[in-house]
Amino acid sequence: MLESNKVGDMVMVKIGTSCLDAAFAGDFQSQMTEIVETGERHFVLDMSDVEHIDSDGLSAIVGLQKLVGRAGTVELTGVSGSVMKVFKLTRVHQTLLINQAA
């Protein structure tokens with residue numbers, strides 16, 4: 001489940017599932033694509049509920065980053081230790097903007 005609201009020029013998105021996996025990634029991609037198609041380019045993804053991420057979830061986040069392009073931003077907040085471990089194992093953490101203070 002995704003909840004989104006606009007704050008200034010940022011779209012705040014709460015990922016309300018414990019598993020960002022194949023079962024959820026398709027819906028995530030569809031909903032985010034719809035938002036991007038309205039012209040939005042700056043996102044903050046609140047991942048504080050996400051305890052597990054698989055390759056499909058990872059692809060969905062990277063896909064959003066590619067979709068917004070250089071003119072946009074995707075910032076992740078509330079990243080759990082287990083999810084960060086996956087980011088580091090895949091070296092995706094080097095390309096994502098991750099705010100670990102949140």
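The values are calculated or read from the model by the stated rules, or taken from the named source; none is laboratory data. Keep in mind it's a predicted model, so treat the numbers as computed, not measured. In this analysis, Cβ positions are derived from the backbone assuming ideal geometry, glycine residues included, and neighbour counts consider all displayed protein chains. Side chains are part of the model used for accessible areas, which takes the heavy atoms of the whole protein and leaves out ligands, DNA and RNA. Shrake-Rupley method; radii C 1.70, N 1.55, O 1.52, S 1.80 Å.
Being in contact with a strand residue (DSSP E or B) (Cβ under 6 Å, 6 or more places away or on another chain) and not hydroxyl-bearing (Ser, Thr, Tyr) is the filter; apply it to the stretch 73-90 and report the residue that is farthest from residue 40 (Cα to Cα). Quick ask: steps written out before the conclusion?
Step one: of the stretch 73-90, the residues in contact with a strand residue (DSSP E or B) (Cβ under 6 Å, 6 or more places away or on another chain) are 73-79, 83, 86.
Among the residues that remain, those that are also not hydroxyl-bearing (Ser, Thr, Tyr) are: 74-76, 78-79, 83, 86.
Numbers: 74: 11, 75: 14, 76: 16, 78: 22, 79: 23, 83: 26, 86: 28 Å.
So the residue we want is 86.
Quickly run through the stretch 83-102 and pick out the residues that are of a type in the set (S, T, N, Q) and more than 18 Å from residue 59 (Cβ to Cβ). Step through it out loud before you land on a result.
From the stretch 83-102, those of a type in the set (S, T, N, Q) are 90, 94-95, 99-100; that's our starting set.
Across the stretch 83-102, the qualifying residues are 99, 100.
Out of the strands (runs of 3 or more DSSP E) lying entirely within the stretch 1-77, which hold 1 or more residues that are open to solvent by 60 Å² or more (accessible area, probe 1.4 Å) and not hydroxyl-bearing (Ser, Thr, Tyr)? So that I can check it myself, show each step before the final result.
On the way: elements: 2-7, 10-15, 42-46, 73-77.
Where strands (runs of 3 or more DSSP E) fall fully within the stretch 1-77 and carry at least 1 residues being open to solvent by 60 Å² or more (accessible area, probe 1.4 Å) and not hydroxyl-bearing (Ser, Thr, Tyr), they are 2-7, 10-15.
Assess whether residue 84 counts as being surrounded by fewer than 18 Cβ atoms within 10 Å (Cβ to Cβ), assigned to a helix (DSSP H, G or I), of a type outside the set (S, T, N, Q) and within 13 Å of the chain's Cα centre (by Cα). Give the steps one after another, and end with the answer.
On the way: surrounded by fewer than 18 Cβ atoms within 10 Å (Cβ to Cβ): yes; assigned to a helix (DSSP H, G or I): yes; of a type outside the set (S, T, N, Q): yes; within 13 Å of the chain's Cα centre (by Cα): yes.
Spelling it out, residue 84 is indeed surrounded by fewer than 18 Cβ atoms within 10 Å (Cβ to Cβ), assigned to a helix (DSSP H, G or I), of a type outside the set (S, T, N, Q) and within 13 Å of the chain's Cα centre (by Cα).
Name the pairs whose Cβ atoms lie under 6 Å apart, with the first residue in the stretch 26-44 and more than 19 Å from residue 78 (Cβ to Cβ), the second open to solvent by 40 Å² or more (accessible area, probe 1.4 Å), and 6 or more positions between them or separate chains?
As it stands, the answer is 36/67; 41/71, since those pairs meet every condition given.
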